[in-house]
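Nothing in this text is a laboratory measurement; each read-out follows from the coordinates by a stated rule. This one's a predicted model, so the numbers in the text were calculated from it and none came from an experiment. Positions of Cβ are generated from backbone atoms using ideal geometry, with glycine treated the same way; all protein chains shown enter the neighbour counts.
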């Protein structure tokens with residue numbers, strides 16, 4: 001049930017006259033801000049295909065290369081809630097632009113890196129920039145668009161994010177294969193420069209400013225506590241498997257629970273005194289928000305983890321190049337593209353059950369893929385994977401956009417940035433948990449001395465986990481509030 005606070009939510013704050021940006025037609029604002037989420041999501045996935053040439057060129061250690069991925073993910077996941085609240089306080093367009101500017105600089109630094117350590121530093125900077133930028137996208141969309149139009153833009157949000165995730169490997173493979181100006185893997189980062197500059201220019205021209213009403217102050221205690229809590233959760237998820245889950249990882253998980261509990265107490269106390277907490281706990285009084293957030297976390301547990309084991313099976317187990325593997329990933333994109341572009345129509349007919357249908361489609365697709373891999377072994381034609389990949393992508397497309405609208409539709413616009421940060425943090429933590437769990441399953445099945453013939457079995461052990469995630473999502477959807485027509 002929606003809380004009284006949400007039912008009586010104030011209207012979104014008007015465009016800020018000081019921002020110097022006149023209101024633009026909504027159809028022009030949408031692609032500009034969606035480009036921001038596309039480019040940051042793309043950078044999370046595109047780097048995987050560049051790792052082999054990156055390590056060889058820089059002479060970097062395995063640990064440094066691991067942190068090229070992990071450093072971005074850690075900084076991104078830890079900073080999202082604070083980034084969202086900064087947008088509420090100081091202007092969502094302003095923080096979007098600052099994030100883009102920092103992302104541009106960090107991408108340049110990544111592209112010119114001459115050592116593994118410098119590349120890791122630059123990737124952490126990229127992650128911080130993404131954390132500043134990403135929550136503003138949903139917050140701006142939530143305040144600029146209302147009613148039925150808002151539901152449609154969430155479809156666009158899901159489409160942009162999903163396309164970046166699904167086609168990241170293909171885009172990376174194409175860039176490395178093209179070897180523009182002899183840049184090789186560096187083009188995966190340098191390509192961001194012209195794109196970011198274009199988005200910055202269009203944002204200045206088209207996107208109006210918005211922020212929380214009044215003059216709220218930044219909750220520094222909340223920032224410190226949530227940052228510490230998220231580091232305690234995400235760091236062992238990233239590093240634990242590689243180091244054999246030493247004692248410090250379990251101590252860190254325990255510390256996360258304690259610090260999170262302290263954070264909740266502090267935030268409630270600030271709200272009770274009439275202050276401006278980093279996260280207003282009244283948001284969690286809405287069942288749609290809480291269950292939708294849980295659905296978000298569970299859904300993304302099955303995405304980065306699936307892309308990881310699929311890429312390993314294709315490229316290590318079957319010897320495909322990054323480009324060849326990327327072309328197979330495009331089959332997921334085909335299914336995703338069709339259903340995500342029509343998700344609003346499906347959601348209008350099915351209500352909350354559109355998420356369950358998406359989960360069932362992913363379940364069917366994963367089973368088909370698993371059976372196919374079992375039959376192919378190490379020498380069958382990989383094209384036989386395409387039907388299962390298309391079905392799985394179709395399920396993804398039905399889930400991504402409705403998830404965002406389920407979580408954010410009824411949130412008070414005053415807290416749009418913080419709520420968007422919480423939502424995107426759920427995405428990032430879901431990815432981290434999924435990768436950690438499937439990593440244990442996959443590498444244990446692979447054994448200490450893996451050979452090509454071990455990969456189909458290890459991949460299918462990972463599929464068992466992914467099937468369980470899809471079933472959990474379908475069941476969790478049933479806890480969402482019914483719509484007015486009972487769906």
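Points to keep in mind about this one:
- Average Cα contact separation per residue, region 284-481, under 8 Å, 6 or more apart, as relative contact order %: 42
- Helix 322-341 vs. the chain, principal-axis angle (Cα, 0 to 90°, nearest 10): 40
- Helix 147-178 axis, angle to the chain major axis (alpha carbon atoms, nearest 10°): 30
- Spin-label pair residue 287/residue 197, simplified geometry with 7 Å Cα→Cβ offset, distance in nm: 5.3
- With a Förster radius of 51 Å applied to the C-beta separation of residue 338 and residue 248, the computed FRET efficiency comes to 0.65.
- Normalising the average separation of contacting C-alpha pairs (under 8 angstrom, six or more residues apart) by the number of residues puts the relative contact order of region 219-277 at 45 percent.
- At R0 = 30 Å, FRET efficiency that the Cβ-Cβ distance of residue 90 and residue 273 yields, to 0.05: 0.85
- Linear extension gain, residue 115 paired with residue 261, 0.36 nm per residue minus alpha-carbon span: 48.5 nm
- Inter-probe distance in nm under a simple model that places probes 7 Å from Cα toward Cβ, at residue 468 and residue 28: 5.2
- The long axis of helix 386-408 is offset from the longest Cα principal axis of the chain by roughly 20 degrees.
- Within region 294-334, backbone nitrogen closer than 17 Å to the virtual label 7 Å beyond the Cα of residue 453 toward Cβ: 317-319
- Considering only alpha-carbon pairs that sit under 8 angstrom and 6 or more positions apart, the relative contact order computed for the chain is 24 percent.
- Peptides ranked, highest mean first, by Cβ atoms within 10 Å: ranges 265-277, 94-106: 94-106, 265-277
- Gyration tensor verdict on region 21-144 (Cα atoms; rounded if a/c is under 1.5, prolate if a/b is larger than b/c, oblate otherwise): prolate
- A straight chain from residue 383 to residue 227 at 0.36 nm per residue would run longer than the Cα-Cα distance by 51.7 nm.
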